[in-house]
Amino acid sequence: MQKRLNIRISGLGGQGAVTSAHLLAMAANKDGKFAISNPFFGAEKRMAPAESYARIGSERIYDRGEIVYPEVIMVYHPQVITMGKSYTMPFYSGIKRDGLVIINCSEPLLSQDDVKTLEDLNVGVFYIDATKVALEVAGTELSSNMAMIGALAGITKVVTLQALDLAIQDRFGKKYVASGGTATLDEAIKKKFAKKEQLLAKNMATVTKAYEIGAIWAETHACLVAS
Amino acid sequence: MESTSVIGTANKKGQIFTEPRKLFFEAPRVPVFLTGSEVIKEAIRRASVDVMVAYPITPQSEAAALCGELFAEGYVGDYMRGESEFAVMSQCAGAAFGGARVFTTTAGPGTLRAFENFPMWAGARLPIQVIVTCRGINSPLSIQPDTLEISFLLDTGMMVWHAETAQDFFDWILMGYIVSEQPDVHLPLAVCCDGFFVTHTKDTINLTPADMTLPPYDPYRSPVPCMDMECPPVRMMRDPFVMKSNYISYATHASWQQEVRAACERSRKHTIPLLGGLIETENVDAEILIVASGTAVSQGREAIRLLNAEGLKVGLVKVKSLRPFPTEEIRQATKNAKWIIVPEFNVVGWLAREVRAIIDRNDRVIVGPHVAGGMTMPPEVIVEKIHQVIKAGKGELVHG
Amino acid sequence: MGKDKISINEEFYDIMPPEYRELVESGTYGKEGRGWKDMGSSKELIEEHSLCAGCPESMAFRYILASLPAPEDTVMVGSTGCTSLVFPHVAVHNIHSLFGNQNAIATGLKRALTVRFPNKVKDVVVLAGDGATVDIGLDMTLQSWFRGEKFTTICFDNELYANTGGQESGLMQKGFVAKMAPVGKKFDKVRLPEIARESGCQYVVNMTASQPGKVEKVIRNAVYIARELGPTYVQIYTPCILEIGKQSMEGLQEMRDSEKPTERFAYKEYITDEAKAYLADLDAKRKAKATAQLAAK
């Protein structure tokens, strides 16, 4: 893997973009790598643009704040692209050469111009219907973020499945202090499952399923960030 | 005297009052993965705080609320929400006048609303600690990080430190009380950070054990009497200054204001061994130096990595303490530098102004790059600035 | 605090100011049943006042200091204004910090003293002018009452900003012509006693300082109730003779004129049932103790 992977997650408030970044960083931490995560700094609003960032690397990370030049961009909702619900326009602004874009959608969304721009930069674009995977495996769309991080891990191997499992247990299995909107969603997802163990297991199953889908795609789509 | 006698005994939560140097340098450290706000809570858990006053303002609300949990758990003597930052800082003052170890937090507009209190704290020699998680203060509304407010704090008479990371925060909050409460210092301390960049980022922090805590504050070591009717004198003055000749008033105020600033300078001897100096340096023999404080240091470190990869050597001066200002240290560290780049997260460049004021050949100082209003400063921007300096300068001086 | 804490070291006795020595020797710290009648027979806890000759505020100040039930464990909080010229002479610990923040200071102070001395009673008493209490500091005055903070707030109401030269204040009467009210004040005197009652004060009194016995009773009640139950508020008319064009000897008459039944400083008291019961209980205990002492003799 590269010395540093900068991951930018663009979604809508309530989709778990912030939780995803925390999980990725926690997992990387458990893999013995250096990692930090942070949300976009602003007011949190349901269904409004939400962005979060994870930096994972083999050396101590100092860089703080928004990731302006990411290696990876994950798009959690088609509206990020179709309705411009993104902090940067276009959503892939700043993406590095040989980077990777993962989009939660069953069909292509990009315009001809966007496709060309990304091709010129040798950026891989992977569509996964993460919401469908979440509904099929976990039975709730609230687990879409799990599918997204699973896909990322499957393609890039930036974190291991074992580490993700441990991170999920830490995040949902223990007392966790979350801010208002996140705390409400934590409660909502807990109600979806009869037992906490079930929540952990279903989330992990979603991650694993998407990991496999991502890994298969990566075999035929070489880009620099893929292992 | 009481504070030394409690060493080794337990408080009501079973935490052992531990000799500060032992707590800082010898106690085992455990790495944990936390946000900066959670780290503030963990520091306060170990700080034997008597009174904390809170008020919600982004981005410090989370830290202030988390400290409320510590009160609920019994780690903090009393905790309340004040009605505004002006009131909060006054409530803190009242508690400190009454002999309590006091903690509070604020940010941006809150800092400015509270402002009348800060010179009062310093003049009254109240060793209150305030965390300032800097945020924009201009109109239109910004809730984003921006360090402009630090510039206002510099001449209050308070000590002002600027943390780079959550690890700095954890260590400095605890060390800060020890420095602040020295009888020959006894001043308030603002521990600042760039809001969000530190408070909302999850990072690995090494914590001391939760069952070890700072010895309590002993208000009877204060250079001014504690207002608790337990110590003499019971009457402060024979006459108020303003009713005597104005010359007596002038003389009193002038000497006291100098004494407050002298106390701030005296804090050096306590701070240097704890913080490992007022500045930290790397490769200061390089021709190009980055001098920065707070998150700008972190971005500077990343820029240096990128420049190293190009084969360019760049040194770094991290300014930890802004008051007292490390004048001699910076003069020494920059004496061989050809260019001194001062990246800042504010529009005015107050650190560059401070550095320019104290070094010779100060046209070596390149003011910037700057970001303001909340944006981060990508390391690439600092790299670009340094490329410009080298290219335009070709060995000559360039002005930012 | 016991008086032993302020006893003077023999070695330094001769260099201590004589009035401080007097304070230590015959100040009424810890004296049971202290009151205004001690004035003249023992050392007062106020040395001088730096006010205008004949200022009614100085009378009120002396009566209040003589009436505090436990000055040895009382800390006072002032604000900027005429009162801040007096506080340096006052021989109980007192805090001046800023203008208008007195009730916030008192909040922090009371909480700190409660944390530090869990088994001891420490009274906190705020004393500030009407500008500080009602105008610039109103937010903090009210918020301390909303929170039910256990201290007493005393407002010296001289119906204007005296120390800055007689500007309009919120407690000024409607129609009064003053600096910054060049055509007369446009709105009514703020009804702070009523607001205090609605804001959670257990005991509220509106009065003048014309009768020391009355001031003593009110201050004792206010401090006792605040100690146990919650905030108390005392608003005392201390006219600014300078700004209303009176002579030095006319202050007392001005207060007497203003406390007539139809006037704005007619004695008004509000007390909660809880506070009333508490005072009755205190009274009964005091009587029982006196009876027992008599019987022992």
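The values are calculated or read from the model by the stated rules, or taken from the named source; none is laboratory data. In this text the structure is predicted, and so the values were computed from the model without any measurement. Neighbour counts run over all protein chains shown; Cβ positions are idealised from the backbone, glycine included.
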Quick one: would you say B:A372 is at pLDDT below 95 and either under 16 Å from B:K318 (Cβ atoms) or small (G, A, S) (or both)?
yes
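A quick yes/no check of all residues on (1) under 27 Å from C:E48 (Cβ atoms); (2) within 17 Å of the chain's Cα centre (by Cα); (3) not charged (D, E, K, R):
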position	(1), (2), (3)
C:V86	yes, yes, yes
C:T107	no, yes, yes
C:Q143	no, no, yes
C:C155	yes, yes, yes
C:N163	yes, no, yes
C:E168	no, no, no
Restricting to segment C:195-211, and then to whatever is out of contact with any strand residue (DSSP E or B) (no Cβ under 8 Å at 6 or more places or on another chain) and not hydroxyl-bearing (S, T, Y), can you tell me which residue is farthest from C:R256 (Cα to Cα)?
C:G200
Return the residues of segment A:73-89 that are closer than 23 Å to A:T131 by Cα and either at pLDDT 95 or above or assigned to a loop (DSSP other than H, G, I, E, B) (or both); say none if nothing qualifies.
A:I73, A:M74, A:V75, A:Y76, A:H77, A:P78, A:M83, A:G84, A:K85, A:S86, A:Y87
Sort out which residues of segment B:55-73 are within 12 Å of another protein chain (Cβ to nearest Cβ), of a type outside the set (A, V, I, L, M, F, W, C), in contact (Cβ under 8 Å) with a residue 12 or more places away in the chain and out of contact with any strand residue (DSSP E or B) (no Cβ under 8 Å at 6 or more places or on another chain), and write them in order of number.
B:T58, B:E69
Say we look at segment A:31-60 and pick out the residues that are of a type in the set (K, R) and surrounded by 19 or more Cβ atoms within 10 Å (Cβ to Cβ); which of these is nearest to the chain's Cα centre (by Cα)?
A:R55
Hey, could you check segment C:1-30 for residues that are within 10 Å of another protein chain (Cβ to nearest Cβ) and of a type in the set (A, V, I, L, M, F, W, C) and say which is farthest from C:L252 (Cα to Cα)?
C:I8
In segment B:57-88, anything at pLDDT 95 or above and assigned to a loop (DSSP other than H, G, I, E, B) is listed as B:G74, B:Y75, B:V76, B:G77, B:G82, B:E83, B:S84
Considering only segment A:48-57, I want to know if a residue exists there that is of a type in the set (D, E, K, R) and more than 9 Å from chain B (Cβ to nearest Cβ).
yes
Is it true that some residue in segment B:200-215 is within 14 Å of chain A (Cβ to nearest Cβ), part of a loop (DSSP other than H, G, I, E, B) and crowded, with 19+ Cβ neighbours inside 10 Å?
yes
Residue check, B:V88 within 14 Å of chain C (Cβ to nearest Cβ) and among the β-branched types (V, I, T):
yes
Answer yes or no: is there a residue in segment C:228-241 that is within 30 Å of C:R111 (Cβ to Cβ) and part of a helix (DSSP H, G or I).
yes
Determine whether B:L187 is outside any strand (DSSP E or B) and closer than 18 Å to B:R45 by Cβ.
no
Check every one of the helices (runs of 4 or more DSSP H) wholly within segment A:116-207 and list those with 1 or more residues that are modelled with pLDDT of 95 or more and farther than 19 Å from A:P78 by Cα.
A:130-137, A:144-156, A:161-173
Considering only segment B:369-381, I want to know if a residue exists there that is part of a helix (DSSP H, G or I) and either surrounded by fewer than 19 Cβ atoms within 10 Å (Cβ to Cβ) or hydrophobic (A, V, I, L, M, F, W, C) (or both).
yes
Could you list all residues from segment C:31-65 that are within 14 Å of chain B (Cβ to nearest Cβ) and surrounded by fewer than 18 Cβ atoms within 10 Å (Cβ to Cβ)?
C:E48, C:C52, C:A53
Being more than 10 Å from chain C (Cβ to nearest Cβ), out of contact with any strand residue (DSSP E or B) (no Cβ under 7 Å at 6 or more places or on another chain) and buried (at least 21 other Cβ atoms within 10 Å of the Cβ) narrows B:R101, B:R135 down to just B:R135
Is there a residue in segment B:47-54 that is buried (at least 21 other Cβ atoms within 10 Å of the Cβ), away from chain C (no Cβ under 14 Å), in a loop (DSSP other than H, G, I, E, B) and touching a residue at least 24 places away in the same chain (Cβ under 8 Å)?
yes
Taking B:R113 and the conditions (1) without any contact (Cβ under 8 Å) to a residue 12 or more places away in the chain; (2) more than 9 Å from chain C (Cβ to nearest Cβ), which numbered condition does it fall short on, given that it satisfies the others?
(1)
Filter segment B:34-46 down to the residues that are assigned to a helix (DSSP H, G or I) and basic (K, R), then identify the one that is nearest to B:I143 (Cα to Cα).
B:K41
Under 7 Å between Cβ atoms, which residue pairs at least 6 apart in sequence (or on different chains) link something in segment C:90-103 that is farther than 16 Å from C:N163 by Cβ with a partner that is among the basic types (K, R)?
C:V90/B:R235; C:A91/B:R235
Within segment C:1-37, can you find the residues that are over 23 Å from the mean Cα position of the chain (by Cα) and of a type in the set (S, T, Y)?
C:S7, C:Y13
Output for segment C:216-242, where each listed residue is more than 19 Å from C:W145 (Cα to Cα) and of a type in the set (A, V, I, L, M, F, W, C)
C:C240, C:I241, C:L242
Among the residues in segment A:174-186, are any charged (D, E, K, R), within 27 Å of A:K45 (Cα to Cα), touching a residue at least 12 places away in the same chain (Cβ under 8 Å) and out of contact with any Asp or Glu (no Cβ under 9 Å at 6 or more places or on another chain)?
yes
Return the residues of segment C:78-119 that are under 20 Å from C:T232 (Cα atoms) and either more than 7 Å from every other protein chain (Cβ to nearest Cβ) or surrounded by fewer than 22 Cβ atoms within 10 Å (Cβ to Cβ) (or both); say none if nothing qualifies.
C:G78, C:S79, C:T83, C:N94, C:G100, C:Q102, C:N103, C:K110, C:T114
Kindly evaluate B:T133 against the criterion of being of a type outside the set (G, A, S) and within 22 Å of B:L23 (Cβ to Cβ).
no
Those residues of segment B:93-120 which are within 18 Å of C:H93 (Cβ to Cβ) and either in a helix (DSSP H, G or I) or not assigned by TED's automatic domain parsing to the domain that holds B:I44 (or both) amount to B:A93, B:G94, B:A95, B:A96, B:F97, B:M120
Residues of segment C:122-137 that turn out to be within 11 Å of chain B (Cβ to nearest Cβ) and either of a type in the set (K, R) or farther than 14 Å from C:N94 by Cα (or both), as a count:
3
